[in-house]
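Participant: First the structure, then my questions, so here it is.
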Number of protein chains: 2
Amino acid sequence: MKIVKASIIGFGSIGQGVAKALLMKKAELNKEGLDVSVVAITDSKGAAVDEKGLDLKKCLQKKAETGTVASEDLLGMTGLDVIKKVDHDLVIEVTPTDIQTGGAGLLNMTAALETKKDVVTSNKGPLTMKFRELSNLAEKNNCAFKFEATVGGAMPVINLMTEVMAGNEIKSVKGIFNGTCNYILTRMYEEKSGYSEILTEAVDLGIAETDPSYDVEGIDTACKVVILANAVFGMNKTIKDVEITGITNVTYEALEMSAKSGKTIKLIGEVRKDGKLSVAPRLVPIGHPLSVSGTLNVAAVQTDLAGEITVTGKGAGSLETASSILSDIISIYKCDCKT
Amino acid sequence: MKIVKASIIGFGSIGQGVAKALLMKKAELNKEGLDVSVVAITDSKGAAVDEKGLDLKKCLQKKAETGTVASEDLLGMTGLDVIKKVDHDLVIEVTPTDIQTGGAGLLNMTAALETKKDVVTSNKGPLTMKFRELSNLAEKNNCAFKFEATVGGAMPVINLMTEVMAGNEIKSVKGIFNGTCNYILTRMYEEKSGYSEILTEAVDLGIAETDPSYDVEGIDTACKVVILANAVFGMNKTIKDVEITGITNVTYEALEMSAKSGKTIKLIGEVRKDGKLSVAPRLVPIGHPLSVSGTLNVAAVQTDLAGEITVTGKGAGSLETASSILSDIISIYKCDCKT
């Protein structure tokens, strides 16, 4: 049995999802020859640390009851402190995304890789800002750096392209990478309604944020386009390199007209091999794999041998995202294959 | 550089596709640390053997010009002879499918695994008949046994479920596993035509076989359902365990009525965890990831953590199928990870 000592940095919805998934999947991980022992968890208030392995059930309970996982004697201990001071192998970095500066996540990932720890993350910010620096650092220190959960939650697009599709040259990737926009466009057509009415509905249902601009203006999609460009095509792009149009000007009339010619309108993010990155509402034929409805995410990958391969899945949700994190962890340690 | 000595058993459309793909991808394979050296190729007339590695370009040319790859002195040498007598590591078994007896493929795979060679295949027959026996033999002799290409050509459904989705429990798989049936149903609706008119069109275009019964009666889909049941769920099923209804009784009127309620009809193969296997025409909501048109294949996988993940791709084509074979080869030797 290979024992992997891990920290969970960030204990919001996704961090808690990871803890739950590790509890649910203990037996399955053991079957793969893995014992993931979480030796530290941090949230904004402080840390819980036990070098023999924390009791995850108790940690989740404490978080639910008191609002923090931190032990009284470790209030104020940060993720960075844990990464630098606690002996472990793997940092699960799931702090909130900050696409302006990379935020604490960037400092955490850098420190983890500098101290030769493997990193698995769902945090888009640092990868949108400093992808190349982080992946170079990982390579230099022979660390794994995996981030399936940053693009499309449970939709396994990155590992599909880099592992399953190995042997294929990837020519382009395009897809729906934001469930909120897909929901709004789907419902506008179904309800014969305008953009702002459906936006209100989406906010009421908790599908859109109270400030939805990050989603509806295409910024979130653009972050994912940047990560795919860097991770899959080996480019060195930031969000400034993406031409972005959101969905705020799409009308019901446009959706209706498209439908009459057998098409629908989706917010499509695209990476082309020539380096062109874009986010814009585009016509998609009904019946094409990209024409999925509701909050789903989808990615269509153009390859030289296999033609077009499409993968669809839930773009959000804490257990869904945790599932991608778990798959990354298994792929690192199952075979001791860090590439 | 790891040198993998391989044989290609069967040199029809798929075998030639594998040879072409190996030629195209020599540099990429080298980058992964692999040098695949094809030391033998067989077709129905005989064999070509060179323990230092055949010139694949010349083999393809000879096949095109003379109808066989066999050397004059090796006419009559079979795949089984090559597997038993030629020293190599990997058997690429791509002979034609025989679902009645398993055909030569079953003998070839058994001999390969008995002589401790790894097997990669696109041949459904042996896996539909004797999956458990073959996979037990592979395990006993510590051989890799990979068969992504048997289900959905280029659509990477098996490796997606067993590798990328690791950590998830698979609850059910359903999908469109036969491009001919999907084409016929799609075109019937588009053309407002009956089944037999569109079948004639499909035969004319080479999309359906002259004897299309294997496809349209759901047998081919059932074979894939059996392989998925055995490979992904660890069941021990054969084609007799599948409840099968084909598409021959689907009418244009049924398609039209479905469309009025936002649905379409697709031939869906399904494996349920309780052991129920079925193939039947089913209603699928338009906009659902399973509602893809044309000759596409698609598989929707229900998981406990990630929810529903869907993958879509071309179900046939020689290079497309070869691409799945290549991905299997890379996954075996890249990391020396035979599980």
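The values are calculated or read from the model by the stated rules, or taken from the named source; none is laboratory data. Everything numeric in this text was worked out from a predicted model, so none of it was measured. So basically every Cβ, Gly included, is an ideal-geometry build from the backbone, and we count neighbours across all protein chains shown. These accessible areas exclude ligands, DNA and RNA; they are computed on the full protein's heavy atoms, side chains included. Shrake-Rupley method; radii C 1.70, N 1.55, O 1.52, S 1.80 Å.
Participant: May I ask you to list the residues in region B:110-140 that are more than 14 Å from chain A (Cβ to nearest Cβ) and in a loop (DSSP other than H, G, I, E, B)? Show your work before the answer.
Facilitator: Here is the first cut: in region B:110-140, the ones more than 14 Å from chain A (Cβ to nearest Cβ) are B:110-119, B:121, B:123-140.
Scanning region B:110-140 gives B:Thr115, B:Lys116, B:Lys117, B:Asn123.
Participant: Something else: Going residue by residue through region A:245-255, is there one that turns out to be in a strand (DSSP E or B), assigned by TED's automatic domain parsing to the domain that holds A:Pro281 and open to solvent by 50 Å² or more (accessible area, probe 1.4 Å)? Step through it out loud before you land on a result.
Facilitator: First pass over region A:245-255, keeping only residues in a strand (DSSP E or B): none.
Checked against the condition, which is being in a strand (DSSP E or B), assigned by TED's automatic domain parsing to the domain that holds A:Pro281 and open to solvent by 50 Å² or more (accessible area, probe 1.4 Å), region A:245-255 yields no hits at all.
Participant: If B:Thr97 passes every condition in (1) open to solvent by 20 Å² or more (accessible area, probe 1.4 Å); (2) over 24 Å from the mean Cα position of the chain (by Cα); (3) of a type outside the set (Lys, Arg) but one, which one does it miss?
Facilitator: For B:Thr97, the exception is condition (2).
Participant: OK, next. For A:Thr264, all conditions in the list (1) β-branched (Val, Ile, Thr); (2) within 23 Å of B:Val301 (Cα to Cα); (3) over 15 Å from the mean Cα position of the chain (by Cα) hold save one; what is the number of the exception?
Facilitator: Evaluating A:Thr264 over (1) β-branched (Val, Ile, Thr); (2) within 23 Å of B:Val301 (Cα to Cα); (3) over 15 Å from the mean Cα position of the chain (by Cα) leaves (2) as the failure.
Participant: Continuing with the same structure: Looking for whichever is in a strand (DSSP E or B), under 30 Å from A:Lys52 (Cβ atoms), in contact with a strand residue (DSSP E or B) (Cβ under 7 Å, 6 or more places away or on another chain) and hydrophobic (A, V, I, L, M, F, W, C) here; the options are A:Val69, A:Val82, A:Val91. Which one fits?
Facilitator: On the way: A:Val69 fails: in a strand (DSSP E or B); A:Val82 fails: in a strand (DSSP E or B).
Answer to the check: A:Val91.
Participant: So, one more: Which of the numbered conditions does A:Asp215 fail, given that it passes all the others? Conditions: (1) of a type outside the set (A, V, I, L, M, F, W, C); (2) in contact with a helix residue (DSSP H, G or I) (Cβ under 8 Å, 6 or more places away or on another chain); (3) open to solvent by 50 Å² or more (accessible area, probe 1.4 Å).
Facilitator: For A:Asp215, the failing item is (3).
Participant: Can you pull out every residue in region B:141-155 that is over 28 Å from A:Ile329 (Cα atoms), surrounded by 24 or more Cβ atoms within 10 Å (Cβ to Cβ) and more than 14 Å from every other protein chain (Cβ to nearest Cβ)?
Facilitator: Across region B:141-155, the qualifying residue is only B:Thr150.
Participant: Determine whether region A:172-186 contains at least one residue that is of a type in the set (S, T, N, Q), within 14 Å of chain B (Cβ to nearest Cβ) and in contact with a Gly (Cβ under 7 Å, 6 or more places away or on another chain). Step through it out loud before you land on a result.
Facilitator: Keep residues of region A:172-186 that are of a type in the set (S, T, N, Q), which gives A:172, A:178, A:180, A:182, A:186.
Those still in the list that are within 14 Å of chain B (Cβ to nearest Cβ) too: A:182, A:186.
In the following step, the residues that additionally are in contact with a Gly (Cβ under 7 Å, 6 or more places away or on another chain) were identified as A:182, A:186.
Yes.
Participant: Mind listing whichever residues of region B:96-112 are at pLDDT below 95 and of a type in the set (S, T, N, Q)?
Facilitator: In the first step, residues of region B:96-112 are kept if they are at pLDDT below 95; the result is B:96-104.
Of everything in region B:96-112, those that are at pLDDT below 95 and of a type in the set (S, T, N, Q) turn out to be B:Thr97, B:Gln100, B:Thr101.
Participant: Report yes if A:Ala138 is open to solvent by less than 20 Å² (accessible area, probe 1.4 Å), modelled with pLDDT under 95 and either in the same structural domain as A:Cys223 (by TED's automatic domain parsing) or over 11 Å from the mean Cα position of the chain (by Cα) (or both), otherwise no. Show your work before the answer.
Facilitator: Details: open to solvent by less than 20 Å² (accessible area, probe 1.4 Å): yes; modelled with pLDDT under 95: no; either in the same structural domain as A:Cys223 (by TED's automatic domain parsing) or over 11 Å from the mean Cα position of the chain (by Cα) (or both): yes.
Here the answer is no, as A:Ala138 does not meet what is asked.
Participant: Return only the number of the condition from (1) under 22 Å from B:Leu22 (Cα atoms); (2) part of a loop (DSSP other than H, G, I, E, B) that B:Lys62 does not satisfy.
Facilitator: Tallying (1) under 22 Å from B:Leu22 (Cα atoms); (2) part of a loop (DSSP other than H, G, I, E, B), B:Lys62 fails exactly one: (2).
Participant: On to the next question. Can you work out which of the residues in region A:156-171 that are at the interface with chain B (Cβ under 7 Å from one of its Cβ atoms) and touching a residue at least 24 places away in the same chain (Cβ under 8 Å) is most open to solvent (accessible area, probe 1.4 Å)?
Facilitator: Initially, region A:156-171 is screened for residues at the interface with chain B (Cβ under 7 Å from one of its Cβ atoms), giving A:156, A:159-160, A:163-168.
When the remaining residues are screened for being touching a residue at least 24 places away in the same chain (Cβ under 8 Å), the result is A:156, A:159-160, A:163, A:165, A:167-168.
Values: A:Pro156: 4, A:Asn159: 11, A:Leu160: 1, A:Glu163: 58, A:Met165: 5, A:Gly167: 15, A:Asn168: 22 Å².
Within region A:156-171, the match that is most open to solvent (accessible area, probe 1.4 Å) is A:Glu163.
Participant: Further question on the same structure: Considering only region B:282-308, state which residues are free of Cβ contacts under 8 Å to residues at least 60 places away in the same chain and at the interface with chain A (Cβ under 10 Å from one of its Cβ atoms).
Facilitator: Step one: list which residues in region B:282-308 are free of Cβ contacts under 8 Å to residues at least 60 places away in the same chain, which gives B:282-289, B:291, B:307-308.
Of everything in region B:282-308, those that are free of Cβ contacts under 8 Å to residues at least 60 places away in the same chain and at the interface with chain A (Cβ under 10 Å from one of its Cβ atoms) turn out to be B:Pro285, B:Ile286, B:Gly287, B:His288, B:Pro289, B:Ser291, B:Gly307, B:Glu308.
Participant: Further question: Across region B:214-244, what is the number of residues that are touching a Lys or Arg at 6+ places or on another chain (Cβ under 8 Å) and part of a loop (DSSP other than H, G, I, E, B)?
Facilitator: So the count comes out to 1.
Participant: Filter region B:309-339 for residues that are of a type in the set (D, E, K, R) and more than 7 Å from chain A (Cβ to nearest Cβ); which is farthest from the chain's Cα centre (by Cα)?
Facilitator: Step one: of region B:309-339, the residues of a type in the set (D, E, K, R) are B:314, B:320, B:328, B:334, B:336, B:338.
Now narrow it down to the ones that are more than 7 Å from chain A (Cβ to nearest Cβ): B:328, B:334, B:336, B:338.
Values: B:Asp328: 12, B:Lys334: 22, B:Asp336: 23, B:Lys338: 20 Å.
In this case the residue turns out to be B:Asp336.
Participant: Scan (1) in contact (Cβ under 8 Å) with a residue 40 or more places away in the chain; (2) closer than 21 Å to A:Lys334 by Cβ; (3) open to solvent by 70 Å² or more (accessible area, probe 1.4 Å) for the single condition A:Ser13 breaks and write down its number.
Facilitator: A:Ser13 satisfies every listed condition except (2).
Participant: Find the residue count for region A:9-48, including only residues that are farther than 26 Å from B:Ile170 by Cβ and either assigned to a strand (DSSP E or B) or within 14 Å of chain B (Cβ to nearest Cβ) (or both). It would help to see each step written out before you state the result.
Facilitator: Step one: filter region A:9-48 for residues farther than 26 Å from B:Ile170 by Cβ, giving A:9-12, A:37, A:39-48.
When the remaining residues are screened for being either assigned to a strand (DSSP E or B) or within 14 Å of chain B (Cβ to nearest Cβ) (or both), the result is A:9, A:37, A:39-43, A:46-48.
The qualifying residues number 10.
Participant: Let me ask another. Kindly indicate the residue of region A:262-281 that is of a type in the set (A, V, I, L, M) and more than 14 Å from chain B (Cβ to nearest Cβ) and also nearest to A:Ile239 (Cα to Cα) among those meeting that condition.
Facilitator: Taking region A:262-281 first, the residues of a type in the set (A, V, I, L, M) are A:265, A:267-268, A:271, A:277, A:279-280.
Those left that are additionally more than 14 Å from chain B (Cβ to nearest Cβ): A:267-268, A:271, A:277, A:279-280.
On the way: A:Leu267: 17, A:Ile268: 16, A:Val271: 12, A:Leu277: 9, A:Val279: 11, A:Ala280: 14 Å.
Filtering first and then ranking leaves A:Leu277.
Participant: In region B:184-198, which residue that is open to solvent by 30 Å² or more (accessible area, probe 1.4 Å) and part of a helix (DSSP H, G or I) is nearest to B:Gly313 (Cα to Cα)?
Facilitator: So, considering only residues that are open to solvent by 30 Å² or more (accessible area, probe 1.4 Å) and part of a helix (DSSP H, G or I), the one nearest to B:Gly313 (Cα to Cα) is B:Arg187.
Participant: Is it the case, given these coordinates, that B:Lys31 is in the same structural domain as B:Lys146 (by TED's automatic domain parsing), open to solvent by 40 Å² or more (accessible area, probe 1.4 Å) and either modelled with pLDDT of 95 or more or among the hydrophobic types (A, V, I, L, M, F, W, C) (or both)?
Facilitator: Working: in the same structural domain as B:Lys146 (by TED's automatic domain parsing): yes; open to solvent by 40 Å² or more (accessible area, probe 1.4 Å): yes; either modelled with pLDDT of 95 or more or among the hydrophobic types (A, V, I, L, M, F, W, C) (or both): no.
The answer is no for B:Lys31.
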